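Below: one structure, written as structure tokens.
The values are calculated or read from the model by the stated rules, or taken from the named source; none is laboratory data. Just so it is clear, the model here is predicted, and its values are computed rather than measured. Here Cβ is always computed from backbone atoms with ideal geometry, including for glycine, and neighbour counts include all displayed protein chains. Note: accessible area is taken over every heavy atom of the protein model, side chains too, but ligands, DNA and RNA are not part of it. Shrake-Rupley method; radii C 1.70, N 1.55, O 1.52, S 1.80 Å.
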Amino acid sequence: MIKEDSGDETLYFCCKGCQGVYHLLKSEGLGSFYEKLGDRTIQPATLAIDISSSQLEKFDLEGFAKRYITTDSEGLNTIHLVIEGIHCSACVWLNEKVLHKTHGVLEASINYTNNKAKVVWNPLEIKLSQIIQTIQSIGYNAYPYDPKLQEERASKTRRSYYMRMLVAVFGTMNIMWLAVAHYAGYFSGMQQSFKDILNVAEFILATPVLFYSGWIFFRGAYYGYKNRIVNMDTLVASGASLAYAYSIYAMVSQRGEVYFDSVTMIITFVLVGKYFEVLSKKQAVDTLDHIMGTTPTEATLIKDGVKSIVSIENIQVGDTLELKAGEKVGIDGVILFGGASFDESSLTGESEPLYKQKGDAILSGSICLDSTVQYEATKDASNSLLTSIVTLLETSITKKPKIEQLANRISGYFSTTILVIALLTFIGWLYATGDFEIALITAISVVVIACPCALGLATPMATLVGISVAAKRNILFKEATFLETMAKSKRLALDKTGTITEGKPSVVFEKKIADYDHNLLYSLVSTSNHPISKGVRSYLLSSYESFVEYPLMSLKTVQARGVEAVCQGKNLFGGNSLYLEEHGVLVGNKESDNTLFFFAIDGILVTWFELQDTIRVGSKEAISNIKKLGIKVAMITGDREQTAQKVAIQVGIDEVYAGVLPHQKASQIDTFHNQGEIVVMAGDGINDTIALTSSDIAIAMGSGADVALSVSDVILMDESLERLYEAYLISRRTFQAVKENLGFSLVYNFFAVPLAVAGFINPLYAALSMSLSSLVVVGNSLRIKRIGFKNK
């Protein structure tokens, strides 16, 4: 017994768990809960999950934090948890509400389909162990998401459902033998003593079905009552319990009919439906779990000539690592020694292995096929490509689309409304017929047939399947909300270089006007990551044998225009004609369909280049398919009008905006917005960042600039416009499934509930209908996987 002095009164608790829950309820304004029990000595908190301090301490350990917790630049912590005990959308609502009210918790979003929660908190205000304790105190349990352990836990859950389902099916089948004979009239004229024996037999069979197989519904209903919410479990438990209680009364008093068959059918049908729902959810999550579960956990570190196996969380930028044939790269880096072929198909969709040697970058998630290499880590584990992909997928399934938020608000009030309707139905039938049995059974049918579960599943199930299908196609949606937005878009804006074209222009012609030191140009273009500069640099490397990279001063880069610097007292300028003419360099009128790059020293033009980019394979067909969807396509590029028009004609784009600066690209996006259009923008460079930020959906190519990737909403890992077309197909099919699911759920309840109120449906068929409605929603969502892609 724990004694606590609290001002005017002394409080007694049987354990610290009860004490913690008492203060939680008080802080949430739910102190009246105890008064309603009538006895101040009764503490309902004893039914909360038993909390062990030693178990909670592990959540605050440094090793745990390194493995499961990420910290952003503002010092806020983020973790992905799996919450046990969630049965319906009301459970999601309860957990989110309690966490949002917890001091120090800034964000809590839970995905109903896989019970995964994203929690963001301030570690200076609250510990993770306290957050876990809060979740446990309202009747749920939480543990860190780990795909390797998740399968084990999922199997345990399936086994539990399976065992309960077997007991339920066994009891139901045996009771139904008796019930069928009874309904067929074979018991007519039977002596009451024999009926009593059969009733007792049904009672014996129904009891374990209700209290063992149906325990999960009672548990969920209890915590719903405790936290003042009405959920699906409340409806099932109350319907079955009322039928069970009345049947016992009828059996003992020998007045009226028993409904033990309805009790078992309610539990069995709903339990079977939940079991198939669990299997379907796991099937939908398998794709994401496969990606997340293949992340390497260890790497070979070489330090002072000694090799050791270490966790990838302990690897720092600059460490030297060894990679053997057959191993997956866990950390991004640059090869220092050796060469090997790498399989990047899981990242880019490229089926052919790529040979990489000293100086080449290797990406986490790729597989070393045929040799041993040593490389230097350029990123830590939390910032490497594969971890970034996993983080994006984890985040995407916790963000709720607006339509799901609306559905959750509706389902939050749905169950309470159904109980009120059932009560009114009971009163109405009792008043109209004067028959307590008919009134009760009709009210039970109303409670059982209503299905908030289908309404709660309508959106998250469809979006989860959509995200998993997209991930299989190397399309990464950062949030599920972007599926909805993209599905509504009718305007696509495309950058040219790196999006429609390969983004790797090569020099096809050089006109040298005067002799110059090629090292000056090499030093200048080496400072820029722009594709044009890279093309010129590659040309110089292939044209000259030796290079000296000079130090530069007063370096200045103007996006999409050019670069300038001072070297050895000389003013260097490189870029397009407008940029050089602004600095007093006489360029002249150079006619060409290709991209031009000019280089001047001290205001005098010394050479210029023609560069040609290759259009991405399949771009023309992809753009044609996108236009067939009713989407208007425009090209927005900083390149010359002549070059832009040439590419636009080749790929079938009629609307072209050329020679625009980065801020002008953003202005054009705003112009589309002013016309009432939802704009999708695809680009890959730094100069696209402002426009990407201005668009409703920003799409970046997987090899694009880091800043473009950071502001994007969708990433195309294999950089194909065919994937952009598929992103449209997936988003539209997913949004269509969401609307179909919501429409079905609303129509089902609109017709089913009045029919039950009118007495046309008994509890047996009500339970069957409820289960089938959930399975229809799940099955319709899984149809998203059947999208017909041209390129398999």
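Here is a check on your reading of the model: is residue 750 open to solvent by 60 Å² or more (accessible area, probe 1.4 Å), among the hydrophobic types (A, V, I, L, M, F, W, C), in a helix (DSSP H, G or I) and free of Cβ contacts under 8 Å to residues at least 24 places away in the same chain?
Working: open to solvent by 60 Å² or more (accessible area, probe 1.4 Å): yes; among the hydrophobic types (A, V, I, L, M, F, W, C): yes; in a helix (DSSP H, G or I): yes; free of Cβ contacts under 8 Å to residues at least 24 places away in the same chain: yes.
So residue 750 fits the description; yes.
A quick yes/no check of all residues on (1) acidic (Asp, Glu); (2) within 32 Å of the chain's Cα centre (by Cα):
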site: 481; (1), (2): no, yes
site: 484; (1), (2): yes, yes
site: 501; (1), (2): no, yes
site: 505; (1), (2): no, no
Handout entry: Residue satisfying all of: in the stretch 672-684; farther than 20 Å from residue 481 by Cα and in contact with a strand residue (DSSP E or B) (Cβ under 9 Å, 6 or more places away or on another chain); most open to solvent (accessible area, probe 1.4 Å) among these
Key = 675
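For residue 588, are the conditions met, namely being at pLDDT below 85 and within 14 Å of residue 493 (Cβ to Cβ)?
On the way: at pLDDT below 85: yes; within 14 Å of residue 493 (Cβ to Cβ): no.
Answer is no for this residue.
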Exercise for the section: Kindly indicate the residue of the stretch 619-651 that is part of a loop (DSSP other than H, G, I, E, B) and either charged (D, E, K, R) or in the same structural domain as residue 520 (by TED's automatic domain parsing) (or both) and also most open to solvent (accessible area, probe 1.4 Å) among those meeting that condition. Expected result: 640
Practice task
Determine whether the stretch 249-256 contains at least one residue that is at pLDDT 75 or above and in contact with a helix residue (DSSP H, G or I) (Cβ under 7 Å, 6 or more places away or on another chain).
Solution key: yes
Handout entry: Matching option when the condition is closer than 30 Å to residue 565 by Cα and either among the hydroxyl-bearing types (Ser, Thr, Tyr) or open to solvent by less than 20 Å² (accessible area, probe 1.4 Å) (or both), among 692, 661
Key = 692
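This table checks each residue for (1) loosely packed, with under 13 Cβ neighbours inside 10 Å; (2) at pLDDT below 85.
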| position | (1), (2) |
| --- | --- |
| 317 | no, no |
| 324 | yes, no |
| 347 | no, yes |
| 353 | no, yes |
| 371 | no, yes |
Practice task
May I ask you to list the residues in the stretch 547-556 that are out of contact with any Phe, Trp or Tyr (no Cβ under 7 Å at 6 or more places or on another chain) and open to solvent by 80 Å² or more (accessible area, probe 1.4 Å)?
Solution key: 551, 553, 554, 555, 556
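Conditions (1) open to solvent by less than 10 Å² (accessible area, probe 1.4 Å); (2) touching a helix residue (DSSP H, G or I) at 6+ places or on another chain (Cβ under 9 Å); (3) in contact (Cβ under 8 Å) with a residue 12 or more places away in the chain; (4) among the small types (Gly, Ala, Ser), marked per residue:
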site: 468; (1), (2), (3), (4): yes, yes, yes, yes
site: 478; (1), (2), (3), (4): no, yes, yes, no
site: 497; (1), (2), (3), (4): no, yes, yes, no
site: 521; (1), (2), (3), (4): yes, yes, yes, no
site: 528; (1), (2), (3), (4): no, yes, yes, yes
site: 532; (1), (2), (3), (4): no, yes, yes, no
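Just checking, which of 241, 280 is at pLDDT below 80 and surrounded by fewer than 22 Cβ atoms within 10 Å (Cβ to Cβ)? Steps first, please.
Working: 241 fails: at pLDDT below 80.
Just a single option satisfies the conditions, and that option is 280.
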